[in-house]
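Bear in mind these aren't lab numbers, they're just calculated from the coordinates by the rules spelled out. Just so we're clear, the structure is a prediction, and the values are computed from it rather than from any experiment. Cβ sites come from the backbone with ideal geometry, for glycine too, and all protein chains shown count toward neighbours.
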Amino acid sequence: MASETQPGNSAGRGSRTAHDDGGPAPTGGVDVAGARVFVTGVTGFLGTALAKRLVDEGATVSGLARATSARATRRWLRHLGVTLVEGDLAADRADPHALARAVDGHDLVVHSAAVIGYRRRQRGLMARTNVGGTRRVVDACLAADVPRLLHVSSIAAVGVTDEPVLLDEDADWTAGVLDAAYFDTKHEAEGEVRRGLARGLDAVLVNPAAIYGPSQVPANSSNVVRQILAGRLGLVPPSGVNVVPLDTVVEGCLAAAARGRTGRRYILGGENLWLHELVKRVGAAGGLDLAPRLLPTRLGGVARALAELVEPWVPDRVWFTPDMLAVFGRWMWFDTGRAERELGVVPGDLDACLRATVEQVRAG
Ligand SMILES: NC(=O)c1ccc[n+]([C@@H]2O[C@H](COP(=O)([O-])OP(=O)(O)OC[C@H]3O[C@@H](n4cnc5c(N)ncnc54)[C@H](OP(=O)(O)O)[C@@H]3O)[C@@H](O)[C@H]2O)c1
């Protein structure tokens, strides 16, 4: 791993919870103002937004970037004052000590890097990155005695239901039935964090819902917005998803770092919407009066079987995949009460967020 710029910070450790035995704090909380924070996935949709907010809060920020990470994003991050360290979390032959050296001396590590994929051919990559990468981050934090790890998980690791009911952080994981690698690997990544906790790591987990919002790096959800605005979602599955503004997730990450209880998960969600409602709300944000129709539930199995049959020949740019169809007739609706009660995170205004997202998508 090579540092692209030298860490230019003289700040000491942040508000690490006092503990005098040299081991990880049992319930550490890190207030990011004045803290040294290392972010994996800093070149991504959430990572860039987090980096901006951390810098605004007075943190000294470093982060992991790959040799292949977009040049424009690296330039933007360096301009922001972020120190970039080069490394690849999926590289099997990477020096195991390099990541520990990179995170050493930081008050907080935010592990946001992951591959979000809905292609079966990406299963191996997702296992190496999402599970193996989390293992490497956990081991590095343990080796460097990092006071706190904030692991960015997902509602995919909490579960899905086949009825419109709400799940909370204590739900049994049921998403294995989907046989979708992103869900499986985000679930297994949490297992890696639990392994670290058992070895004394102070870690807290956040589980964001589907994140919408404008950012330096556009999200997968911006693609959904583009498809909706182009009128390509006139027929939608009878399904539901929780949709959260990006700002709420950033707020939730900082709040969980500062006040989250060790070993605890916090769902960072917004509104529980049927997919056809989401299409209408995105349309309204763009000044369109859309009236999507529901596909019959029984079509779900057939559609997925057909998609599986043709998937090997379908190029990556086609975003409708068997793994996406797996949520046909299923709900990812969540109770966000714990984050509100324990972290004070109140979901932001989704319509304002959708309007800003539409504006960014239209601006190209
Ligand atoms: N977006 C959502 O709606 C959503 C919802 C719930 C949870 N999450 C979680 O939030 C986190 C961030 O998601 P995102 O939307 O920001 O995703 P993203 O825009 O795709 O960013 C992914 C980040 O991970 C990095 N990365 C991927 N493979 C890596 C590797 N092998 N080594 C090092 N870095 C690697 C990417 O680096 P490059 O720039 O080099 O590609 C990028 O910085 C993920 O953990 C995701 O599971 C996202």
Check your understanding: When only Cα pairs under 8 Å and 6 or more residues apart are kept, what is the percent relative contact order across the chain?
Key -> 18
Exercise for review: May I ask you to list the trypsin sites (Lys or Arg not before Pro) in segment 55-158 that are in a DSSP loop and have at most 13 other Cβ atoms within 10 Å of their Cβ?
Suggested key: Arg93
Point to revise | Amide N proximity, segment 144-169 versus Glu340 label position 7 Å along Cα-to-Cβ, cut-off under 19 Å | key: 155, 165-169
Practice item. Using DSSP to define loop residues, name the trypsin sites (Lys or Arg not before Pro) in segment 291-353 whose beta-carbon has at most 15 other beta-carbon atoms within 10 Å. Key: Arg298, Arg317
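Counting only other residues whose beta carbon sits under 12 Å from that of Val152, what net charge do I get with K and R as +1, D and E as -1?
Working: positive: Lys186, Arg265; negative: Glu190.
Around Val152, the surrounding residues sum to +1.
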Review point. Can you work out ³J(HN,Hα) from phi for every residue in segment 261-270, in order, using Karplus 6.51 cos²θ - 1.76 cosθ + 1.60 and θ = phi - 60°, giving whole Hz and x for Gly and Pro?
Key: 7, 3, x, 9, 9, 10, 6, 9, x, x
**Study point:** Amide H contacts of Glu86 (H built 1.01 Å from N, under 5 Å, at least 5 apart or other chain)
**Key:** Ala2, Ser3, Glu4, Ala65
Check your understanding: Between Thr161, Val236, Gly269, whose Cα lies farthest towards the positive end of the dipole of the chain when Lys and Arg beta carbons carry +1 and Asp and Glu beta carbons carry -1, centred on the Cα centre?
Key -> Val236
**Study point:** Extension gain from Glu308 to Arg121, taking 0.36 nm per residue of separation minus the Cα-Cα distance
**Key:** 66.2 nm
Point to revise | Nonlocal amide H pairs with Thr60, under 5 Å, H built at 1.01 Å | key: Gly34, Ala35, Arg36, Val37
Point to revise | Estimated 222 nm signal from helices in the chain, with DSSP H stretches of n ≥ 4 weighted -39500 (n - 2.57), rounded to 500 | key: -10500 deg cm²/dmol
**Study point:** Placed amide H near Leu294: partners under 5 Å, 5+ positions off or other chain
**Key:** Val236
Review point. By how many nm would the segment from Arg362 to Arg264 lengthen if fully extended, with 0.36 nm per residue of separation less the alpha-carbon distance?
Key: 31.4 nm
Review point. When the Karplus curve 6.51 cos²θ - 1.76 cosθ + 1.60 is applied with θ = phi - 60°, which whole-Hz ³J(HN,Hα) does each residue of segment 136-145 get, with x for Gly and Pro?
Key: 5, 5, 4, 4, 5, 5, 5, 5, 8, 6
Check your understanding: For segment 60-72, in order, what is each residue's ³J(HN,Hα) by Karplus, 6.51 cos²θ - 1.76 cosθ + 1.60 with θ = phi - 60°, in whole Hz (x at glycine and Pro)?
Key -> 9, 10, 10, x, 8, 10, 8, 4, 8, 4, 3, 4, 4
Check your understanding: Between the helical axis of 220-229 and the dominant principal axis of the chain, each derived from Cα atoms, what acute angle in degrees is found, rounded to the nearest 10?
Key -> 30
